[in-house]
Amino acid sequence: MISRLKTLVATLLSALVLGACASQTAAPTAPDKPKLVVLIVVDGLPQRQVTAYRDQLAPDGLARFLDRGTWYADAHYSHAYTVTGAGHATVLTGANPSRSGIIGNEWRDPATGEPVYCTGDTSANYIGHATRALDGTSPKNLKVPTVGDVLRGVDARSKVIAVSGKDRGAILPAGHKGTAYMYMGSTGQFASSTYYMKEHPAWVNAFNAAKPADRFFKSHWTALLPPTAYARSLPDGQTWFGPAGGALPMRYGSDQDDAPGAQYYGSLLRGPFQDQLTLEFARAAIVAEQLGRDDAPDILAVSLSGHDYVNHAYSAESRLSHDHTLQLDRMLQSFFKDLDTMVGKDSYVAVLTADHGFMPAPEYSASLGLSAGRLNSSQMLARLNQGLQAQFGEGRWVRGFSGATLLFDTSLLASSKVDASALAEAARALLMAEPAMGAAYTRAELQSGSRAGAPFFEAMRNAWHPDVSGDVQYALKPNWLFSSGTSGTTHGSPHAYDTHVPILLYGPKWFKPGRVDTRVAVVDIAPSLSRLLGIAAPAGSQGKPLPSAVP
């Protein structure tokens with residue numbers, strides 16, 4: 001009897017241990033998959049802004065995730081060059097740039113030195129709009145599949161639709177088998193490209209014909225809260241602020257214009273109005289395309305671009321960015337309410353993340369006593385070539401910057417018979433002599449992994465692709481940026497202010513509410529969604545399913 005009792009106790013303890021372990025990993029695929037996965041990427045939203053204004057959030061916008069969803073307090077990008085193209089390519093592929101091939105927004109062809117845009121494709125054109133050589137029109141440069149590509153490969157009835165204020169913000173999440181629509185800054189309309197279709201469906205034409213962007217002409221972006229509510233943010237009008245003076249209220253459309261034009265439509269990107277248009281287009285897509293209405297799961301990817309433009313001009317520490325975060329919060333509350341009605345509260349999951357964070361303006365960092373500043377990239381390039389000429393003879397040895405790498409002149413290397421490895425070592429030494437330079441690694445080191453454990457080496461290796469990148473990958477020290485001007489700020493580093501982004505999940509049927517403090521990566525989103533949808537993770541995925549919250 002005692003022996004049987006011991007066996008029973010041991011069995012129960014084993015079950016409890018296994019249950020505790022299971023609670024630390026993402027729940028297995030639910031028997032009923034979500035009918036719709038809604039991915040929201042807020043361009044340039046650092047995690048610090050999500051929690052900094054928590055007391056000022058609406059009840060059901062971002063707070064829906066924080067109070068009733070699973071959210072990850074320590075989520076980061078794994079690659080060093082944190083820019084829009086690389087981030088948007090990562091979210092639904094689960095692949096770092098080292099696999100996706102999207103090493104930046106733009107780079108140079110290693111063989112020719114010609115500029116390449118991350119979503120550029122001269123064989124495709126915008127529908128109904130002029131197309132320039134480097135405009136983004138297709139996912140041709142994306143070397144790996146997305147969750148949506150796998151989903152549509154399993155069931156062609158599934159739809160994958162992406163919309164953004166930026167072409168790369170729509171095209172890269174849409175993948176190879178989805179459909180992307182992007183805001184046209186010249187007309188205030190949304191358009192796709194001939195990669196996806198010959199002409200727009202009727203609902204897109206109807207949306208554009210209504211000219212929804214025109215209603216904001218000579219409207220003002222005004223602060224949501226009283227002035228005292230923004231005491232934790234930098235006041236308007238900082239000397240290093242960028243366009244439009246940097247003060248609220250801010251008007252869109254000049255006194256000289258009698259009607260909306262290209263300048264006005266383009267200006268809407270910096271502020272809340274274009275984000276509002278993007279969400280309106282997303283609603284129209286849900287209705288017209290019947291997203292989430294059958295047993296074939298769909299994906300809707302919405303990239304909200306305005307925050308990136310605001311933060312570039314005024315920084316995430318500004319009152320303008322503070323208010324823009326709150327504006328987005330209210331927009332999301334309205335959008336979620338409509339999703340609940342149109343799709344059903346228990347029929348969809350929502351995922352919110354960002355493509356990168358944001359660096360505080362160097363002037364602000366310097367005011368805190370930190371080493372910070374602006375580095376003129378053209379002047380640095382001239383110093384590099386001058387130093388290399390002293391060692392290897394006349395010639396423009398470094399052709400230019402490509403992503404976050406130096407690109408050598410391969411024809412000069414061949415004709416001079418200079419050893420490429422020797423040139424790379426010399427270039428790296430010259431880079432590290434720059435006071436603002438934090439780390440630099442050569443092609444040989446990145447290919448072999450020989451500097452494992454060195455500062456930022458793994459992140460820089462994740463950002464480097466052997467067929468696309470240049471010959472020396474570099475990263476600046478914290479609080480330094482490349483700039484030939486005196487205003488604004490940026491992103492693109494391996495430092496936490498750029499890598500630390502939100503990962504927020506909502507869908508009570510599938511996600512437990514709670515905060516998770518385990519460090520996770522953005523590459524983990526794709527395999528997590530794949531598991532939820534009951535499909536294989538995309539072929540290039542490098543992540544693992546996200547841990548679930550423990551109630």
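The figures follow:
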quantity	calculated
Among residues of the stretch 416-425, those that are more than 20 Å from residue 386 (Cβ to Cβ) and either in a helix (DSSP H, G or I) or in contact with a strand residue (DSSP E or B) (Cβ under 7 Å, 6 or more places away or on another chain) (or both), counted	1
Residue, farthest from residue 361 (Cα to Cα), within the stretch 462-479, restricted to residues that are among the hydrophobic types (A, V, I, L, M, F, W, C) and either in a loop (DSSP other than H, G, I, E, B) or open to solvent by 60 Å² or more (accessible area, probe 1.4 Å) (or both)	468
Residues (closer than 15 Å to residue 510 by Cα and part of a helix (DSSP H, G or I)) located in the stretch 336-352	344
Residue under evaluation residue 252, criteria (1) open to solvent by 50 Å² or more (accessible area, probe 1.4 Å); (2) closer than 17 Å to residue 184 by Cβ, criterion not met	(1)
Subset of the stretch 307-359 [open to solvent by 20 Å² or more (accessible area, probe 1.4 Å) and either touching a strand residue (DSSP E or B) at 6+ places or on another chain (Cβ under 6 Å) or within 22 Å of residue 227 (Cα to Cα) (or both)]	317, 319, 327, 330, 331
Among (1) modelled with pLDDT of 95 or more; (2) open to solvent by 20 Å² or more (accessible area, probe 1.4 Å); (3) among the aliphatic types (A, V, I, L, M) - the single one residue 550 does not satisfy	(1)
Test: residue in the stretch 444-453 that is closer than 14 Å to residue 383 by Cα, among the charged types (D, E, K, R) and open to solvent by less than 50 Å² (accessible area, probe 1.4 Å)	no
Qualifying residue in the stretch 276-283 (condition: part of a loop (DSSP other than H, G, I, E, B), open to solvent by less than 20 Å² (accessible area, probe 1.4 Å), in contact with a helix residue (DSSP H, G or I) (Cβ under 9 Å, 6 or more places away or on another chain) and in contact (Cβ under 8 Å) with a residue 60 or more places away in the chain)	no
Breaking point among (1) more than 25 Å from residue 130 (Cβ to Cβ); (2) surrounded by fewer than 16 Cβ atoms within 10 Å (Cβ to Cβ), for residue 298	(2)
Condition met for residue 55 (farther than 18 Å from residue 546 by Cα, at pLDDT 95 or above, open to solvent by 30 Å² or more (accessible area, probe 1.4 Å) and not in a helix (DSSP H, G or I))	no
Among residues of the stretch 426-443, those that are open to solvent by 60 Å² or more (accessible area, probe 1.4 Å) and assigned to a loop (DSSP other than H, G, I, E, B), counted	2
Meets criteria (surrounded by fewer than 22 Cβ atoms within 10 Å (Cβ to Cβ), part of a loop (DSSP other than H, G, I, E, B) and modelled with pLDDT of 95 or more) for residue 264	no
Residue among 150, 163, 204 that is open to solvent by less than 40 Å² (accessible area, probe 1.4 Å), farther than 26 Å from residue 274 by Cα and not hydroxyl-bearing (Ser, Thr, Tyr)	150
Check on residue 224, touching a strand residue (DSSP E or B) at 6+ places or on another chain (Cβ under 8 Å) and among the hydrophobic types (A, V, I, L, M, F, W, C)	no
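The values are calculated or read from the model by the stated rules, or taken from the named source; none is laboratory data. Here the structure is a predicted model, which is why all the values come from computation and not from measurement. Here Cβ is always computed from backbone atoms with ideal geometry, including for glycine, and neighbour counts include all displayed protein chains. Surface areas here come from the heavy atoms of the whole protein model, side chains and all, with no ligands, DNA or RNA. Shrake-Rupley method; radii C 1.70, N 1.55, O 1.52, S 1.80 Å.
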